[in-house]
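Colleague: This is the structure I want to talk about, given as C-alpha cells.
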Amino acid sequence: MNHDVKKIIDEWKKYEHDSSGNIRAETINIYIRKFKQALCLLNQLPFPENDSFDPLIDQMDYKPLNIKERLSFIEGRCGQRLSYIQLRECFRELEKMEARVRVLHRTNPK
C-alpha cells in the first residue's frame, strides 16, 4: 500500500524537478488524478474510476486539511501557477502523512 503511495510521490517530485516551471493543464490533471489515487491507497479505499471521489473524502482518516476546497481550486484553475503551487503543497502534506502512517503501522501492526 504505502509503497505505491511513495511511488506516486516520487513521480510528482521528478515532475516538479524536471518541469522548470513549465505548467501544463494536461499534466496537472494527470497529477491531480494521481494525488487522489494516492489518498485512496493511503486510506485503504478503492479508487473510483468515475468522478465520485468527493464522497470518499469523508471516509478518509488521512487527508490534507480542507482538501475538498483545495482540489476544487486546483481543478478550476488547471495550468495556472497558483494551482500548481497548491498541488505541490498537497503532495508535500501527503508525503508527511505517508511517513506518519508507515510509522504507525510499524509500531501498531494490525
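The values are calculated or read from the model by the stated rules, or taken from the named source; none is laboratory data. For clarity, every value in this text was computed on a predicted model and none was experimentally measured. Counting neighbours? That spans all protein chains shown, and the Cβs are built from the backbone with ideal geometry, glycine included.
Colleague: So Ile85 ticks every box in (1) closer than 19 Å to Asp10 by Cα; (2) surrounded by 18 or more Cβ atoms within 10 Å (Cβ to Cβ); (3) among the β-branched types (Val, Ile, Thr) but one. Which box is left unticked?
Modeller: Every condition holds for Ile85 apart from (2).
Colleague: Does Leu41 qualify as being at pLDDT 90 or above, crowded, with 17+ Cβ neighbours inside 10 Å and under 15 Å from Asn2 (Cβ atoms)?
Modeller: Considered against the rule, which asks whether it is at pLDDT 90 or above, crowded, with 17+ Cβ neighbours inside 10 Å and under 15 Å from Asn2 (Cβ atoms), Leu41 comes out as yes.
Colleague: From (1) farther than 20 Å from Lys13 by Cα; (2) free of Cβ contacts under 8 Å to residues at least 24 places away in the same chain, pick out the condition that doesn't hold for Arg33.
Modeller: (1)
Colleague: Now, a different point. Pick out the one residue from Arg102, Arg106 that is in contact (Cβ under 8 Å) with a residue 40 or more places away in the chain, among the charged types (D, E, K, R) and surrounded by fewer than 18 Cβ atoms within 10 Å (Cβ to Cβ).
Modeller: Answer to the selection: Arg102.
Colleague: Just name the residue that is nearest to Lys7 (Cα to Cα) out of those in the range 45-99 that are polar (S, T, N, Q) and under 14 Å from the mean Cα position of the chain (by Cα).
Modeller: Gln86
Colleague: I would also like to ask the following. Here is a list of conditions, (1) assigned to a loop (DSSP other than H, G, I, E, B); (2) touching a residue at least 60 places away in the same chain (Cβ under 8 Å); (3) surrounded by fewer than 13 Cβ atoms within 10 Å (Cβ to Cβ), and Ile23 meets all of them except one; can you say which number that is?
Modeller: Only one criterion in (1) assigned to a loop (DSSP other than H, G, I, E, B); (2) touching a residue at least 60 places away in the same chain (Cβ under 8 Å); (3) surrounded by fewer than 13 Cβ atoms within 10 Å (Cβ to Cβ) is unmet by Ile23, namely (3).
Colleague: For the range 51-82, what are the residues that are farther than 22 Å from His17 by Cβ, surrounded by fewer than 16 Cβ atoms within 10 Å (Cβ to Cβ), touching a residue at least 12 places away in the same chain (Cβ under 8 Å) and among the basic types (Lys, Arg)?
Modeller: The answer is Lys68, and nothing else.
Colleague: Assuming Phe91 fulfils every condition listed in (1) of a type in the set (A, V, I, L, M, F, W, C); (2) surrounded by 13 or more Cβ atoms within 10 Å (Cβ to Cβ); (3) modelled with pLDDT under 90 apart from one, which condition is it?
Modeller: (3)
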